[in-house]
Amino acid sequence: MNVEHGAILTKDEIKDRLTTEDLNQRLFITPLLSNEQIGWASVDVRLGNEFIAFRRTKYAMFNPLEKSEKLTSRIGDFQERIYIPLGERLVLHPQQLVLGCTLEYIRLPNDLVAEVVGRSSWGRLGLILSAATLVHPGFAGVVTLELANQGDVPLPLVPGVRIAQLVLKRATSRKQTGQKILKSRYLGSVGPTFSKIYEDDDWDALRKLTNGL
Amino acid sequence: MAQSTLLIQDLINTTKEEFFYHDMRIAELQQKEYPFSACKGMLDLLSKIDDEILNELDKLEKELSSVNVKNRVDFKQYLDKIRRYGHLVGILHYLLTFFEMGSREYIPEGSVVLIDSIVKKFEPNAVYVLVPIHEHNYTYLDLMKPLKKALSYTLPNFDEIVSGYSDRFSVFGFPLIQKENSILNSILAHEVGHFIDEVNKISDKLMSKVSLDPKIMDKIAKKAESSITRGKKEIKLTYFITPEELKAAITELAASQISEWLKELVADAIAFHLVGPVYLFSLTSFLVTVIEIDEAASDHPPPRMRIRLLLDLYEDLNYSSYLKDLKDAKNLEFAQKFISLVQSIEKLLDSVEQREVEDFPELVMNSVLQVIPEVRREVSKRVVHNQYEPDEFRNEVFKLIELLDLVIPPAEIEIGKPASVNSILNAGSLYELMLVDNLYEILEATTTKERMEVRHKLHKLILKALELSSIETRMKKLLKS
């Protein structure tokens, strides 16, 4: 197969990647409930059962300028994990944001990158994926989705519904594709992941500038 | 109104208050999200009971206003009635403890899938819940039994009240701290084994095949005839009871202990048939890290006997021969590692010299050992249609292990083919025992804490696989229709 780097994978290429014998080259999307999820240049992904909603807390704000250890000890206070079983729904009211995740567990081989794009049919109702998510090569886990209702009517979030699309692109040179699975302690998330913005190295420098505001 | 009447009235009101508060707590618990609909059903029943009792107490209070408690007999009669209600509230309170932590917060969906898959194979209409407990143990109990017994003393129409509910309300308990360790929680299959045994009365039937060794009985009786010296006095047990009475007492005591041991062994055998080798590995690690191999209790046989039984079942089901003809080299390598793991458990038993027992423990031990082949036969006969087949193990488990090596939950054998709950558990168990080092490397874990976090991640991957395979099975049926 002759695929250009950066080119979007087409339906046949996606199918090949899903079934290749070479496990290091294989694209895993598990479970893929219907072949119809594979479009001409993307794969539809479904909404998972676990959500993170934001809690009202006694703290003034979620402040990454605070020392990281102090903030991590409070992370649980800002979030509430909710499990919605198959056959039930979570109602997302206007101007609300929740973190959800894909039903599918995804593992990308080292030469593929994926972009998660909201489905326009949902977007027209006001439900948007509030950040463009880039899934890195070698990623293994469910993809966290930032779901925001920008419309005027409450919307049901129903686990199992097709919620977004994965657009797959080639990412690296062929030389590196034989490499085994990437090593990282962040692999293997099975539910939505809360923001880890406070882990950025830059905060140390910024803390000095802002004098710990 | 006499002072004693006033006092009784006050006691009635205090008791009413207890039931009222109990009902308030039920209302709070009903707000929780439970993964098992049976929880809400039982809470409704308990609330109904509270209402009935409050009505009964109203009647008692009315009756009291029309009589005058004059003497001790009357006074005692009323006190007795009130005490019965007080006793009931204690039991009702205890029953609520099972629902305090039965909510989704403490029970991952994967565990729901695990218990559903085991129980529903046998009793599709069974009413049960899974609850975490604050003990390093697994339990099974039927809540309907103590409830009905307590109600029979207090509510004349209790049969009518519970008539719409199932005869049995099973509670399966697992250690709270292990709530995400689905591999260890395969021990729940043993608790389901108790449930199956209770329904099918397997161990009761096996009791009829037990015989007590007359030689050991005589030995114990003779020992009892020998005298004990206390100070200047010589005492013989036979001064107080006849040798016949002594034998009868020993027989009764032995029968009770043998019955308990058989229940455990039957539950073990059922569990192995239901979930396969994962039970052997989980039970072995659960037992030998806590108690000595030959340490027996009146209600539990020694671990050696239990593990021996499982190893025999492994042979009965021909696991080794199923694995010998694997074509794929990688799978064959996994299979060989698996076989040597089982052999290492054999070695573990051999490495500890068996503790000698005599007298009463010997009597119990020998009687149970005699009947173990019957346990294997009887259980196999009962569960053969629902057992986890070694063939399924061979065809699925090694493929799933490969997925774990890529940090993927082992939910599917191939695209569109969900793995069975048992294959997922067995794959998880074997991976943890044989290959977890690979995961340490991939997830860059070097310190003890990091490695424990990786094991936690492995358990979560297994839970996720259980959840996903169940969702895939359910959704595919719906999408087809």
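The values are calculated or read from the model by the stated rules, or taken from the named source; none is laboratory data. Since the model is a prediction, treat every value here as computed from it, not as a measurement. Counting neighbours? That spans all protein chains shown, and the Cβs are built from the backbone with ideal geometry, glycine included. To get the accessible areas, we keep the full protein, side chains included, count just its heavy atoms, and leave off ligands, DNA and RNA. Shrake-Rupley method; radii C 1.70, N 1.55, O 1.52, S 1.80 Å.
Give, rounded to the nearest 20 debye, the magnitude of the charge dipole that the protein assembly as shown has about its Cα centre when Lys and Arg contribute +1 at Cβ and Asp and Glu contribute -1 at Cβ. Working shown, then result.
Values: 87 positive and 100 negative charges, 147 e Å.
Dipole magnitude for the protein assembly as shown comes out near 700 debye.
What residue among A:Ile128, A:Ile82, A:Ile197 shows peak mean-square fluctuation when chain A is described by a Gaussian network model with Cα springs under 10 Å?
Answer for the Gaussian network model of chain A: A:Ile197.
Would you work out which of B:His385, B:Pro156, A:Val98 lies farthest towards the positive end of the dipole of the protein assembly as shown? Charges go on Cβ: Lys and Arg +1, Asp and Glu -1.
So the residue furthest toward the plus end is A:Val98.
Can you give me the angle between helix B:188-200 and the longest principal axis of chain B, using Cα atoms only, in degrees from 0 to 90, rounded to the nearest 10?
Computed tilt is about 60 degrees.
Taking the alpha-carbon centroid of each part, what is the distance from the stretch B:285-308 to the stretch B:127-142 in angstrom?
Centre-to-centre (Cα) distance: 20 Å.
Please report, in whole Å, how far the alpha carbons of the stretch B:329-481 spread along each principal axis, starting with the longest.
61, 49, 30
Any idea what the dipole of the stretch B:151-203 comes to, in debye rounded to 20, about its Cα centre with Lys/Arg Cβ at +1 and Asp/Glu Cβ at -1?
140 debye
Taking springs between alpha-carbon atoms closer than 10 angstrom, which of A:Asp22, A:Asp200, A:Asp44 fluctuates most in the Gaussian network model of chain A?
Among A:Asp22, A:Asp200, A:Asp44, the largest mean-square fluctuation in the Gaussian network model of chain A belongs to A:Asp200.
Can you tell me the dipole magnitude for the stretch B:136-278 around its Cα centre, using point charges on the Cβ only (Lys, Arg +1; Asp, Glu -1), in Debye to the nearest 20?
Working: 18 positive and 19 negative charges, 150 e Å.
Rounded to the nearest 20 debye, it is 720 debye.
Need one value for B:410-421: mean number of C-beta atoms belonging to other chains within 10 Å of its residues' C-beta atoms. Numbers along the way, then the final one.
Working: counts 1, 3, 5, 0, 1, 9, 5, 1, 2, 0, 0, 0.
Mean partner shielding for this stretch: 2.
With no solvent and one point per C-alpha, what does the Debye sum give as log10 I(q)/I(0) for the protein assembly as shown at q = 0.09, 0.10, 0.12 Å⁻¹?
Debye intensities relative to I(0), on a log10 scale: -0.95, -1.10, -1.35.
Provide a list, ordered by number, of residues in the stretch B:441-457 showing at least 10 Å² less accessible area with every protein chain present than when their chain is taken on its own, using a 1.4 Å probe.
Relative to the lone chain, where solvent access is computed with a 1.4 Å probe, the stretch B:441-457 loses at least 10 Å² at B:Glu441, B:Ile442, B:Leu443, B:Glu444, B:Glu450, B:Lys457.
Is the shape of chain B rounded, prolate or oblate, going by the alpha carbon gyration tensor and its root eigenvalues a ≥ b ≥ c, with a/c under 1.5 for rounded and a/b larger than b/c for prolate? Don't jump to the answer; show the numbers that get you there.
Details: a/c = 2.40, a/b = 1.29, b/c = 1.87.
It comes out oblate by the Cα gyration axes.
Of A:Trp40, A:Trp203, which has the most accessible area and how do the rest follow, probe 1.4 Å?
On the way: A:Trp40 200, A:Trp203 50 Å².
The ranking, largest first, comes out as A:Trp40, A:Trp203.
How would B:Arg451, B:Arg306 line up by accessible area, probe 1.4 Å, largest first?
Heavy-atom accessible area, descending, gives B:Arg451, B:Arg306.
P(r) of the stretch A:28-102 in 10 Å steps, Cα pairs, percent per bin?
With a bin width of 10 Å, the distribution comes to 14, 33, 28, 18, 7.
Determine the calculated [θ] at 222 nm for chain A from helices alone, applying -39500 (n - 2.57) to every DSSP H run no shorter than 4 residues and normalising by the residue count; nearest 500 deg cm²/dmol.
Numbers: 4 runs with 33 residues, N = 213.
Only helices count here, giving -4000 deg cm²/dmol.
Lysines near B:Lys233 by alpha-carbon distance under 26 Å, same-chain residues fewer than 8 away left out - which ones?
Cα-Cα hits under 26 Å: B:Lys219, B:Lys222, B:Lys223, B:Lys247.
Ignoring everything except DSSP H segments at least 4 long, calculate the 222 nm mean residue ellipticity for chain B; use -39,500 (n - 2.57) per segment, divide by total residues, nearest 500. Present the calculation step by step, with values, prior to reporting the outcome.
On the way: 19 runs with 320 residues, N = 481.
That comes out to -22500 deg cm²/dmol.
Along the charge dipole of the protein assembly as shown, which of B:Ser111, B:Phe169, B:Ile91 sits closest to the positive end, that is, farthest toward it, with unit charges on the beta carbon of Lys, Arg, Asp and Glu (+1, +1, -1, -1)?
Positive-end residue among those listed: B:Ser111.
In whole Å, how far is the Cα centre of the stretch A:46-75 from that of the stretch B:182-201?
40 Å
Taking a 1.4 Å probe, which of A:Thr20, B:Thr446 shows the most accessible area, and what order do the others take after it?
B:Thr446, A:Thr20
What is the mean projected area of the alpha carbon convex hull for the stretch B:1-147, to one decimal in square nanometres? If you can, show how the numbers build up before the last one.
Numbers: hull surface 42.9 nm².
Averaged projected area of the stretch B:1-147's Cα convex hull equals 10.7 nm².
Given the options A:Pro64, A:Pro137, A:Pro156, state which has the largest fluctuation in a GNM of chain A using a 10 Å cut-off (strictly under) for Cα springs.
Among A:Pro64, A:Pro137, A:Pro156, the largest mean-square fluctuation in the Gaussian network model of chain A belongs to A:Pro64.
If the cut-off is 15 Å between C-alpha atoms, which aspartates and glutamates fall inside it for B:Lys121, apart from same-chain ones fewer than 8 positions away?
Straight-distance partners of B:Lys121: B:Glu191, B:Asp197, B:Glu389.
Straight-line reach from A:Lys67: which lysines fall under 22 Å, measuring Cα to Cα and dropping same-chain residues less than 8 apart?
Cα-Cα hits under 22 Å: A:Lys58, A:Lys196, A:Lys208.
Answer with one residue from B:Thr448, B:Ile408, B:Ala189: the one whose Cα lies farthest towards the positive end of the charge dipole of chain B, charges on Cβ with Lys, Arg +1 and Asp, Glu -1.
So the residue we want is B:Ala189.
Could you grab the Rg to Rh ratio for the stretch B:150-257? Cα atoms only, Kirkwood for Rh.
Rg/Rh for the stretch B:150-257 comes to 1.20.
Between 0 and 90 degrees, rounded to the nearest ten: what's the tilt of helix B:72-100 against the longest Cα principal axis of chain B?
The angle comes out at about 20 degrees.
Can you flag which of B:Lys205/B:Lys337; B:Lys330/B:Lys460; A:Lys70/B:Lys449; B:Lys76/B:Lys148; A:Lys15/B:Lys330 are past 27 Å Cα-Cα?
Violating the 27 Å Cα-Cα cut-off are B:Lys205/B:Lys337.
Using only the Cα atoms of chain A, each taken as one equal point scatterer with no solvent, compute I(q) by the Debye sum, divide by I(0), and report log10 of the ratio at q = 0.07 Å⁻¹.
Evaluating at q = 0.07 Å⁻¹ gives log10 I(q)/I(0) of -0.25.
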